[in-house]
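The values are calculated or read from the model by the stated rules, or taken from the named source; none is laboratory data. Just so it is clear, the structure is predicted and the values come from calculations on it, not from any experiment. All Cβ positions, even for glycine, are placed from backbone atoms using ideal geometry, and neighbour counts span all protein chains on display. SASA here: full protein model, heavy atoms, side chains in, ligands and nucleic acids out. Shrake-Rupley method; radii C 1.70, N 1.55, O 1.52, S 1.80 Å.
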Amino acid sequence: MDAVTARTDRVDVEALLIRPDGCVAWALPTGQDLDATTLVRALGTWFGQPA
């Protein structure tokens with residue numbers, strides 16, 4: 001997995017997990033606290049469980 005930092009004109013999201021096919025698998029809306037549970041679930045779905 002590559003981590004990429006970028007700027008955008010969108011102000012409604014803080015972070016995105018983008019699948020290899022370009023679809024958004026997870027998003028952190030602006031102003032919300034990070035919910036690690038949903039991020040870990042999305043990572044597990046698309047990249048498999050950690051070794």
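How many residues are within 17 Å of Met1 (Cβ to Cβ) and among the acidic types (Asp, Glu) if we restrict to the stretch 19-44?
1
Identify, please: which residue in the stretch 21-31 is of a type outside the set (Gly, Ala, Ser) and loosely packed, with under 10 Cβ neighbours inside 10 Å and is, among those, farthest from Leu43 (Cα to Cα)?
Applying the first criterion (of a type outside the set (Gly, Ala, Ser)) to the stretch 21-31 yields 21, 23-24, 26, 28-30.
This time we only want the ones that are loosely packed, with under 10 Cβ neighbours inside 10 Å, so: 21, 23, 29.
Values: Asp21: 15, Cys23: 13, Pro29: 17 Å.
This residue is Pro29.
Could you give every pair whose Cβ atoms fall below 9 Å, whose first residue belongs to the stretch 4-15 and is closer than 20 Å to Asp35 by Cα and free of Cβ contacts under 8 Å to residues at least 60 places away in the same chain, and whose second residue is open to solvent by 100 Å² or more (accessible area, probe 1.4 Å) and part of a loop (DSSP other than H, G, I, E, B), counting only separations of at least 6 or pairs across chains?
Correct list of pairs: Glu14/Gln32; Glu14/Leu34; Ala15/Leu34.
Please indicate, with yes or no, whether at least one residue in the stretch 27-44 is in contact with a helix residue (DSSP H, G or I) (Cβ under 9 Å, 6 or more places away or on another chain) and not in a helix (DSSP H, G or I).
Step one: of the stretch 27-44, the residues in contact with a helix residue (DSSP H, G or I) (Cβ under 9 Å, 6 or more places away or on another chain) are 28.
Next, from what is left, pick out any that are not in a helix (DSSP H, G or I): 28.
Yes: the stretch 27-44 contains one or more residues that are in contact with a helix residue (DSSP H, G or I) (Cβ under 9 Å, 6 or more places away or on another chain) and not in a helix (DSSP H, G or I).
Can you pull out every residue in the stretch 6-25 that is small (Gly, Ala, Ser) and assigned to a strand (DSSP E or B)? First the steps, then the outcome.
In the first step, residues of the stretch 6-25 are kept if they are small (Gly, Ala, Ser); the result is 6, 15, 22, 25.
Passing the criteria: Ala15, Ala25.
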